[in-house]
Amino acid sequence: MTGVLVVGESLIDIVQRPDGSAVEHPGGSAANVAVALARLGRPVEFLTAYGDDAHGAVLARHLNQSAVGLAGDPHTLDRTATALATLADDGSASYTFDIEWRLGELPDVAPVVVHACSIGAVMAPGADDVRRLLEKVRPQATVSYDVNARPAVTGAGPEVLRAVEDVVALADRVKASDEDLDVLYPGEPVQQGVERLLGLGPTAVVVTRGRHGATWYTAGGRVDAPATDAEVADTIGAGDTFAAGMIDALWELGALGGRLSGLEPSQIEGVLRHAARAAAITVSRPGADPPYRHELL
């Protein structure tokens, strides 16, 4: 393939609203990224896992409707994972997960960029397969990694930190929210956490701060960009859309397929602003519902 390979979890979000009602949406961090990229018109294949059950059928239909191709047989689990997302009055979500994670046979692919994220990158036994895949494709592909920490599933502490840092060491660009950094390095200033991650080898670390914008850090400096104003329905999938928006903008610049060096500050700011616009559309409507290309024009 010459497009994007996304690897990671798929699940069903069971959204508990403040009024006590509940609704189900297909989701999962990696699935959200794959759908967002496909809606933006990028060729995407997705390596994931879900059960051969009713929830799995919902996921399969969702991915197919957004033209997301499957890079392998996803039916490696006894049941499809779920996440109970409880919404607060401000639209923010807290999660309770029922999930297992493992992959089948790894595909023989040659993507321009591979994106790994969240639970799938650190939860055994599938995380070992994710790292092997990144090692395999890294010679020709840009490696994108979104920490998207989920301590309710993976826990926190030295073992999780080690798993995250193993993936960071294989990545060219790492995305982490300020909350993610606090999970990894409790009580440390953001700048110190960023320096730790950059020291492991990636070209860039991007820190998102919700409505306070985002910063692209390299060993040589930083570039800041504001968030895009939005009326928040909920925050589900916002960070995943931001990650997809960065990949989309970097694709447009012809920057993928290498180590992401040589970008000008103005180009980096454009990448962050594009990602912020996409994320703002996602938060403005319920569930992980990323925008299509025409909505960003």
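Name the one entry in Ile236, Ile268, Ile247 that is within 30 Å of Asp19 (Cβ to Cβ) and either touching a His at 6+ places or on another chain (Cβ under 6 Å) or aliphatic (A, V, I, L, M) (or both).
Working: Ile268 fails: within 30 Å of Asp19 (Cβ to Cβ); Ile247 fails: within 30 Å of Asp19 (Cβ to Cβ).
Unique residue meeting the criteria: Ile236.
Tally up the residues in segment 50-64 that are open to solvent by less than 10 Å² (accessible area, probe 1.4 Å) and closer than 16 Å to Ser29 by Cα, please. Before the answer, list the steps.
Going through segment 50-64, the residues open to solvent by less than 10 Å² (accessible area, probe 1.4 Å) turn out to be 50-51, 56, 59, 63.
Subsequent filtering for residues that are closer than 16 Å to Ser29 by Cα retains 50, 56, 59, 63.
Of the residues in segment 50-64, 4 are open to solvent by less than 10 Å² (accessible area, probe 1.4 Å) and closer than 16 Å to Ser29 by Cα.
Do we have Ala67 as of a type in the set (Gly, Ala, Ser), under 19 Å from the mean Cα position of the chain (by Cα) and open to solvent by less than 40 Å² (accessible area, probe 1.4 Å) here?
Numbers: of a type in the set (Gly, Ala, Ser): yes; under 19 Å from the mean Cα position of the chain (by Cα): yes; open to solvent by less than 40 Å² (accessible area, probe 1.4 Å): no.
So Ala67 fails the test.
Looking only at segment 7-32, count how many residues are open to solvent by less than 10 Å² (accessible area, probe 1.4 Å) and more than 17 Å from the chain's Cα centre (by Cα).
Within segment 7-32, residues that are open to solvent by less than 10 Å² (accessible area, probe 1.4 Å) and more than 17 Å from the chain's Cα centre (by Cα) number 1.
Mind counting the residues in segment 203-216 that are at negative phi and open to solvent by less than 10 Å² (accessible area, probe 1.4 Å)? Let's see the steps before the verdict.
Initial filter on segment 203-216 (at negative phi): 203-209, 211-212, 214-216.
Now drop any that are not open to solvent by less than 10 Å² (accessible area, probe 1.4 Å), which leaves 204-207, 214-216.
Counting residues in segment 203-216 that are at negative phi and open to solvent by less than 10 Å² (accessible area, probe 1.4 Å) gives 7.
Tell me, please, whether a residue that is free of Cβ contacts under 8 Å to residues at least 24 places away in the same chain, under 30 Å from Ser21 (Cα atoms), outside any loop (DSSP other than H, G, I, E, B) and out of contact with any Pro (no Cβ under 7 Å at 6 or more places or on another chain) can be found in segment 123-133.
No.
For segment 144-161: of the residues being touching a residue at least 40 places away in the same chain (Cβ under 8 Å) and open to solvent by 20 Å² or more (accessible area, probe 1.4 Å), which is farthest from Leu84 (Cα to Cα)?
Asn148
In this structure, is Ala275 open to solvent by 30 Å² or more (accessible area, probe 1.4 Å) and either among the acidic types (Asp, Glu) or in contact (Cβ under 8 Å) with a residue 40 or more places away in the chain (or both)? Show your work before the answer.
Working: open to solvent by 30 Å² or more (accessible area, probe 1.4 Å): no; either among the acidic types (Asp, Glu) or in contact (Cβ under 8 Å) with a residue 40 or more places away in the chain (or both): yes.
No.
For segment 217-229, give me each residue that is closer than 14 Å to Gly245 by Cβ and crowded, with 19+ Cβ neighbours inside 10 Å. I'd like the intermediate steps shown before the answer.
Of the residues in segment 217-229, the ones closer than 14 Å to Gly245 by Cβ are 225, 227-228.
Residues satisfying the conditions are Ala225, Ala227.
All but one of (1) surrounded by 21 or more Cβ atoms within 10 Å (Cβ to Cβ); (2) among the hydroxyl-bearing types (Ser, Thr, Tyr); (3) over 18 Å from Ala34 (Cα atoms) hold for Thr241; which doesn't?
Tallying (1) surrounded by 21 or more Cβ atoms within 10 Å (Cβ to Cβ); (2) among the hydroxyl-bearing types (Ser, Thr, Tyr); (3) over 18 Å from Ala34 (Cα atoms), Thr241 fails exactly one: (3).
Working carefully through the options Val109, Val164, find the one that is more than 20 Å from Ala93 (Cβ to Cβ), surrounded by fewer than 22 Cβ atoms within 10 Å (Cβ to Cβ) and touching a residue at least 24 places away in the same chain (Cβ under 8 Å). Steps first, answer last, please.
Numbers: Val164 fails: surrounded by fewer than 22 Cβ atoms within 10 Å (Cβ to Cβ).
Val109 is the lone residue from the list that is more than 20 Å from Ala93 (Cβ to Cβ), surrounded by fewer than 22 Cβ atoms within 10 Å (Cβ to Cβ) and touching a residue at least 24 places away in the same chain (Cβ under 8 Å).
The values are calculated or read from the model by the stated rules, or taken from the named source; none is laboratory data. This is a predicted model, so every value here is computed, not measured. Note that each Cβ is placed from the backbone with ideal geometry, even for glycine, and that neighbours are counted across all protein chains shown. We work out accessible area using only protein heavy atoms, side chains counted, and drop any ligands, DNA or RNA first. Shrake-Rupley method; radii C 1.70, N 1.55, O 1.52, S 1.80 Å.
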